[in-house]
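The values are calculated or read from the model by the stated rules, or taken from the named source; none is laboratory data. Please read all numbers here as calculations on a predicted model, not as lab measurements. In this analysis, Cβ positions are derived from the backbone assuming ideal geometry, glycine residues included, and neighbour counts consider all displayed protein chains. Heavy atoms of the whole protein, side chains included, go into the accessibility calculation; ligands, DNA and RNA do not. Shrake-Rupley method; radii C 1.70, N 1.55, O 1.52, S 1.80 Å.
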Amino acid sequence: MPEEKGRDKERPQPAGGERSGGDAAGPGPAGFDALLGLWSAWMAPDGRAPEGAAAQPSRATLPSDALAGQFLATGMRHLTKRLSQDPLLRAVDHLWNANPLRQVIPVDWAEIARALRIVWLRSLGDPGKALTATIELNAALWRSAADSWTEAGRRWLEGSQAAATPPQGNDKRFAAPEWHNNPAYRTLKEAYLLASDWLLRQGEAEDMEPAERQRIGFHLRQFVDATSPSLLLISNPAALRRAMETGGASVADGTRNLMNDLQAGRLSMVDASAFEPGRNLALSPGKVVHRNRLIELIQYAPTTETAHATPLLILPPWINKYYILDLQPKNSMVRYLTEQGFTVFMVSWKNPDAAMDGITIEDYMELGPLEACTVAREITGAAQVNVMGYCIGGTLLAMVLAWLAAKKDKRFNAATLMVSLQDFAKVGDTAVFMEDSGIDLIERQMMERGYLDSREMSNMFNLLRSNDLIWANVVNNYLMGEKPPAFDLLYWNSDGTRMARTAHSWYLRNTYRENNLIVPSRIQLKGEAVDLGRIRNDIYAVGAEKDHIVPWDAAWRITRLAGGKVRFVLASSGHIAGIINPPGGKGFHWTTDASAPVPPTAGEWRLAATQQAGSWWPDWAAWLAERSGPRGAPPGLGNAAHPPLEDAPGRYVLEK
């Protein structure tokens, strides 16, 4: 885990909490103890909890009268002890610091311990409710175990070899048939799922502040994900079967993979040797026609005999590299756009280093979209340029459009905002990382280095989908002994960029923390007050139904913020798969009647929307074509004032 020693110093301490001494006595709800015991076994290197982890003995049941009596008679005494001595936090620290995975798994166990402790302390405050919940959990556990063994016995008596019907759902952790057919594994799985659901419900108290409830819920989910029985070799039937089939070679390979990751200091998520921009990614032919200290501008070669008069400028996020939009020919948005007759320019952001720590958000405006637009107009001869911003590139674009509106500058025509935030009131679980303490820590790290390391950003986004991006790789790499997959999207995801200190600090505080962009004139950029309501450009906005970074209803908010006409389209899937979804693939999208007014709320928009099969790209291309002028001979690549510098993908995208 990067900067682990530094982060240890920054871990938040509970009120009155100390790391020494302490009596670990005191009962807790049975489901809580069962989960802690299961997690202790997983986290301890030898399968046993170290000293201190037994602070709360694991047990399946506790007599109800004893539980209630202890809650009622000694609850406040134990509460005081817990606050002053915090043995759970000590146990978590002991367990995690003893486990080698701490160096490669970016999980904040101190925050997890804090969330668990809050749940325990709240149970003391309402012993009757805690007792009822515990009884219900125990009853559900017994009922589930009885059902699993009864079903197995029935099939045995009937001589049926048919497999048990797997439950509905798409939990890939329990895809192996043993989880459904073997009564022991089925009982273990159901017990885990029941206990996990029980624990997550404990963090949903309505009397908590929404931000606190979200924070606790997020860290409880991290905890239950980390306690899955699928993460233990002894309780993962697929891994055990693999070990027997390979004569133990998979275990040796898994150990070797772990040692390699420990040496690299991070969890391998993709076969990094399988891809490289310019070799089998970012293959669309084109030329770098302009370069400054922050961007390279790529102009792509036409693939049709005629092209629309108005070119399209694409602003990708600078927190990632641009080739997410030009992966391979089969899923390249750039290739699709040129095939539709658009002249495409792409901004490729430089990967900042310590020498660029003074780069400001105004530099990103001036050297990015404004300078790129000037070059595109001079090469094509077009009076205006259409523009698309993806994710944070769309946030920057909205600021630039509002700034230009204040100056009555109409160099940009139609604008497209893909999974982009302008109103940061609702940002999903990303908000957990954007509290004042979190931003303070990020700023201290940036002050030390001059930039924010790409791994810090990657860790945050990976935790938002920890089962898919972290724990699935732990199983694949270490338990199954497999090599990381060769997958273009995962390679791009691992090929991160650093953040320039000054610009990133401004961005975090003015968006995630203070949400200043939606307040007219609150932000001043290059001498002009920013007001999104002044934007009169036609806008095409895209949200993604399962987006964990930009919730779709937050992306929809541009329909209420901008002053121009906005067409909003909802894609299926998530932040990446919802956008990189070319025609002919899977998925759906939702649209509304273009001539009808936009409903006043996101919920009403969804009710009015019609589901369409397939990709939303053709709908966007048709909308864009109506705003791109007549077709004629495509412009050449560069001109005398902006001669081609080198072939695409250029050099900035290759910087590590």
For this session: At a temperature of 4 °C and a viscosity of 1.567 mPa s, determine how fast the stretch 337-494 diffuses translationally according to Stokes-Einstein, using the Kirkwood radius over alpha-carbon pairs as Rh; express D in µm²/s, rounded to the nearest whole number.
Result: 69
For this session: Calculate, for the stretch 208-278, the solvent-accessible area per residue in square angstrom, rolling a 1.4 angstrom probe over the heavy atoms of the protein chains.
Result: 44
Exercise. Lys/Arg Cβ at +1, Asp/Glu Cβ at -1, dipole of the stretch 487-642 taken about the Cα centre: which of PRO551, ILE535, LEU489 is farthest positive-ward?
Worked result: ILE535
Problem set entry | Rh (Kirkwood; distinct C-alpha pairs) - the stretch 467-625, Å | 18.5
Problem set entry | Sites ALA625 and LEU489 - FRET efficiency at Förster radius 22 Å, r taken between beta-carbons, to 0.05 | 0.20
Problem set entry | Accessible area per residue, Å², the stretch 611-656 with all protein chains present, probe 1.4 Å | 51
Exercise. Residues of the stretch 237-269 with amide nitrogen under 12 Å from the 7 Å Cα-to-Cβ point of GLU482?
Worked result: 238-239, 242
For this session: Calculate how large, on average over all directions, the projected area of the Cα convex hull of the stretch 163-258 is; give the answer in nm² to one decimal.
Result: 7.9
Problem set entry | Inter-site label distance for LEU645 and ALA633 at 7 Å from Cα along Cβ, in nm | 2.8
Problem set entry | Within-9-Å neighbourhood charge of MET480 [Cβ basis; K, R +1; D, E -1] | -1
Exercise. Taking amide H positions as placed 1.01 Å from N in the peptide plane, with prolines and chain starts having none, which residues 5 or more places from SER420, or on another chain, fall under 5 Å of its amide H?
Worked result: CYS391, VAL542
Exercise. If you take the beta carbon distance between ARG293 and ALA529 as r and set R0 to 35 Å, what does 1/(1 + (r/R0)^6) give as a FRET efficiency, to the nearest 0.05?
Worked result: 0.80
Problem set entry | Residue-level accessible surface for SER437, protein heavy atoms, 1.4 Å, Å² | 80
Exercise. Using θ = phi - 60° and the Karplus form 6.51 cos²θ - 1.76 cosθ + 1.60, what ³J(HN,Hα) does each residue of the stretch 184-192 get, whole Hz, x for Gly and Pro?
Worked result: 5, 5, 5, 4, 4, 4, 5, 4, 4
Seminar exercise, completed: In Å, the C-alpha Rg and Dmax of the stretch 408-551 are 18.5, 61
For this session: Could you work out how far the C-alpha centroid of the stretch 549-565 sits from that of the stretch 326-371, in angstrom?
Result: 22
Seminar exercise, completed: Whole-percent tail of the Cα-Cα distance distribution for the stretch 212-348, cut at 21 Å, equals 64
Exercise. Roughly how many percent of the accessible protein surface of the stretch 366-446 is carbon and sulfur, given a 1.4 Å probe and a whole-percent answer?
Worked result: 49
Seminar exercise, completed: In whole Å, largest first, the alpha carbons of the stretch 601-656 cover along the principal axes 52, 40, 23
Problem set entry | Length released on extending from GLN214 to ARG449, taking residue separation times 0.36 nm less the Cα-Cα span | 81.5 nm
Problem set entry | Percentage relative contact order, the stretch 380-522, counting C-alpha pairs under 8 Å, at least six apart | 26
Problem set entry | Unit charges on C-beta of K, R, D, E only; dipole of the stretch 511-624, Debye | 180
Problem set entry | Cα-projected label distance for ASP171 with GLU276, points at 7 Å along beta-carbon direction, nm | 4.3
Exercise. Which entries in the list LYS407/LYS565; LYS172/LYS287; LYS350/LYS526 go over 31 Å, if you measure between the two C-alpha atoms of each?
Worked result: LYS172/LYS287
